[in-house]
Each structure stands twice: as C-alpha cells, then as structure tokens.
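S.K.: Encoded as structure tokens, here's the structure I'll be asking about.
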C-alpha cells in the first residue's frame with residue numbers, strides 16, 4: 001500500500017489543518033508501514049489504540065503518530081469518536097478516517113481531501129464500487145451490497161459503499177457526529193448522523209487493497225449478521 | 001391456609017420489599033411503590049384463593065389458573081430480559097464515555113511536555129527580536145543621529 005507519495009509531499013505539507021484518525025486494534029505488523037505512507041502527505045496523524053494487546057500503540061507512536069490509548073477495548077466506532085474529539089480539540093478543519101490494516105491508499109485519501117476543499121464538500125465518502133479497480137470476492141460483494149442497501153434504506157443517503165473506512169469529514173459535520181454504537185455498525189451510524197446534517201457530500205472512487213493480511217482480518221459473513229442486528233436492536 | 005401458602009406469602013412480601021429498597025433512582029419511585037403494593041395484594045389473593053386464578057383464566061379462554069400463571073411468568077421474564085439489556089447498554093455507553101475521557105486526558109498530559117518545549121523555543125526565538133526592538137528605541141544606540 002505504500003506507493004510513492006514523495007512526489008507531492010512538498011505541496012501537501014500544507015495539510016496541517018487535517019488530522020488522520022486511525023482506529024488501531026492489534027495491527028502491530030502493518031501499522032508502521034501505514035503511518036510511514038501517510039506521513040509523506042499528512043503531518044497530523046493520530047492513532048486510537050483500542051486496547052491492543054500486541055504493542056500496536058507503541059509501534060504507532062515510534063512511527064511518528066500521535067497516540068491516544070483506550071484503557072479498555074471499546075470497539076472501532078468508539079475509537080473513531082475518540083479520534084474525532086481529539087482532532088476537534090486540536091482545531092482540525094478536516095479529518096480523514098483511515099483503516100490501520102493497510103487496505104486504503106494514501107493517494108485516494110489525498111484526492112478525497114482535495115476534492116472536499118475544491119468542491120466545498122463537508123463529507124467525502126470513499127467507495128470501492130464506483131469503478132472496477134477493487135477485487136472483491138463474490139461473497140464479500142454480497143455482504144457489502146446488503147449492508148449498503150440496508151444503510152440507504154434506513155438513512156436518506158444514496159451511497160454505493162456504506163462500510164468503507166476511508167472518509168474525509170469537515171469540522172462542521174464532525175461536530176454534529178456522536179457515535180454511540182461501540183461495535184461495527186458505526187459504519188451505518190456515521191452515515192445516518194452525517195446524512196442528518198444535510199451538509200453537502202459526495203462519494204469518491206477508491207481502491208481497497210485486499211491483501212492476504214486484510215482478508216484474514218476482514219469482516220466475515222457472520223460479522224455482517226452482527227452488524228444488522230446491532231442496527232435494529234438497541 | 002396451608003403451610004406452603006404461608007411460606008409463599010412471606011416470600012412474595014420479602015422479595016418485593018427488598019426489590020423496592022434496592023431499587024436505584026428517585027425517579028418514579030412512588031409509582032413503583034404503588035405497583036409493588038398492587039403486585040403483593042394480587043399475589044397474596046392468588047395464593048390464598050387459587051380458584052380465583054382459574055376463574056380469571058377461564059375468562060381469558062385459558063383452561064387452568066396455573067397455565068395463566070405460566071404465561072404471565074414467561075412474558076414477565078421476557079420484559080425483564082429486555083429491561084436488563086437496555087440497562088446494560090446504557091451502562092456500556094457510560095463506560096465508553098468515561099474511557100474516552102481518560103484516554104483524551106492521558107493524551108493531553110503526554111503532550112504537555114512537548115507543547116511546553118515548543119513554547120520555550122518560541123520564547124527563545126522571540127527574545128532577540130524584542131532585544132533588537134529595545135535597542136532601536138534606545139536613543140544612545142541610534143546611529144542615524
């Protein structure tokens with residue numbers, strides 16, 4: 001996932017008004033590479049270590065990220081919300097949410113941020129289904145499409161990929177988000193809440209890199225059942 | 001009254017009393033007390049006059065009073081489960097908020113020395129400027145004159 005972003009590095013050092021928020025849970029083997037890749041473009045990176053047991057937090061800190069450590073494991077949604085609070089506290093204008101397992105490309109994040117700036121968008125969602133770069137398996141496609149259909153049905157949004165971890169959110173939209181679901185359904189909850197802000201949003205085509213590593217860690221079919229039940233039972 | 005009926009009544013009264021005493025929160029406590037009192041009265045009546053239950057059961061189209069009791073018990077157990085799950089979700093949300101506050105505070109404390117160091121550097125780079133400004137204001141050193 002670490003391709004050559006140095007080409008644009010000098011120009012994008014200006015991204016000092018942007019914080020990259022990375023929920024981090026037991027990703028010790030890949031997190032340093034992810035942060036290295038991001039640091040070429042983004043100066044402010046915060047990892048929310050969600051009670052990792054493999055020293056992920058320390059590695060992230062050594063790689064040059066700011067570190068916030070949950071004293072106990074709370075789930076990815078809670079980690080995102082903590083990251084939002086942290087970034088807002090430090091005067092962030094934009095927040096980029098980025099997965100720790102290296103499935104996103106830094107170039108996509110950069111392009112999305114530029115698009116948010118150029119088109120005055122409050123939210124830019126990454127979508128792997130807007131073009132055919134992403135190689136998703138058949139079952140994975142069904143799971144994600146179902147999750148997306150449910151999300152679109154229960155929110156007022158029209159999105160093609162609801163559970164993509166790559167998003168750019170402007171500070172005014174961010175201030176209105178208060179994620180309550182601690183588990184994975186935050187993918188939907190964040191869209192519900194962002195949709196309610198009625199701020200301008202867009203989807204941006206991104207490539208999701210299904211490495212063997214992320215495939216092994218990714219959401220299983222059973223987990224998508226969890227996502228659905230979490231949504232309906234509170 | 002049989003001995004078992006007597007024991008049952010004691011059990012119901014004691015359990016309700018304890019539940020009321022241990023019930024958290026002042027909110028709607030009066031309402032809960034009234035409900036508990038009604039429950040105790042109904043339970044005692046049902047224990048002393050079991051045939052009354054059967055009459056009520058017949059009214060609802062159920063054969064025996066014990067069946068009615070079982071159905072009511074199942075519904076009550078379900079309601080209890082739901083209430084417990086909701087209470088746990090609320091308490092989880094509070095734990096999340098607490099843990100988040102702790103994490104953010106720790107980060108603030110950890111970044112404090114960094115920020116102070118940066119402020120010191122800023123002060124150090126500031127002082128020569130102020131020094132120069134003072135020199136410029138000083139009439140003795142004004143070479144233009």
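S.K.: Pick from B:94, B:100: which is over 30 Å from residue B:54 (Cβ atoms) and more than 9 Å from chain A (Cβ to nearest Cβ)?
M.R.: B:94
S.K.: Something else about it: Just to be sure before I move on: is residue A:120 buried (at least 24 other Cβ atoms within 10 Å of the Cβ) and either over 16 Å from the mean Cα position of the chain (by Cα) or away from chain B (no Cβ under 14 Å) (or both) in the structure I sent?
M.R.: No: the conditions fail for residue A:120.
S.K.: Among (1) within 13 Å of another protein chain (Cβ to nearest Cβ); (2) closer than 20 Å to residue A:175 by Cα, there is one condition residue A:50 misses while meeting the rest; what is its number?
M.R.: (2)
S.K.: All but one of (1) in contact with a strand residue (DSSP E or B) (Cβ under 7 Å, 6 or more places away or on another chain); (2) more than 15 Å from residue A:42 (Cβ to Cβ) hold for residue A:138; which doesn't?
M.R.: Looking at each condition in turn, residue A:138 falls short on (1).
S.K.: Is there any pair with a first residue in the range B:1-21 that is under 19 Å from residue B:50 (Cβ atoms) and a second that is at pLDDT below 90 and surrounded by 10 or more Cβ atoms within 10 Å (Cβ to Cβ) whose Cβ atoms are under 9 Å apart and which are 6 or more apart or on different chains, and what are they?
M.R.: Filtered contacts from the range B:1-21: B:5/B:50.
S.K.: Can you tell me which of (1) at negative phi; (2) exposed (fewer than 14 other Cβ atoms within 10 Å of the Cβ); (3) at pLDDT below 90 is the one residue B:25 doesn't meet?
M.R.: The one condition residue B:25 does not meet is (1).
S.K.: Mind telling me which of the residues A:106, A:68 ends up being surrounded by 24 or more Cβ atoms within 10 Å (Cβ to Cβ) and away from chain B (no Cβ under 13 Å)?
M.R.: Step by step, each of A:106, A:68 is checked, and only A:106 is surrounded by 24 or more Cβ atoms within 10 Å (Cβ to Cβ) and away from chain B (no Cβ under 13 Å).
S.K.: Being within 30 Å of residue A:82 (Cβ to Cβ) and either surrounded by 13 or more Cβ atoms within 10 Å (Cβ to Cβ) or modelled with pLDDT of 90 or more (or both) narrows it down to one of B:94, B:58, B:33, B:90, so name that one.
M.R.: Only one candidate qualifies: B:94.
S.K.: So, one more: Could you check the range A:138-234 for helices (runs of 4 or more DSSP H) lying wholly inside it with 3 or more residues that are at pLDDT below 75 and more than 14 Å from chain B (Cβ to nearest Cβ)?
M.R.: A:138-154, A:212-217, A:221-232
S.K.: Still on this model: Inside the range A:71-87, can you point out the residues that are more than 9 Å from every other protein chain (Cβ to nearest Cβ) and closer than 11 Å to residue B:107 by Cβ?
M.R.: Residue satisfying the conditions is A:83 alone.
The values are calculated or read from the model by the stated rules, or taken from the named source; none is laboratory data. None of the values given here were measured: they were computed from a predicted structure. Quick reminder, even Gly has a Cβ in these numbers, built from the backbone with ideal geometry, and neighbours come from all protein chains shown.
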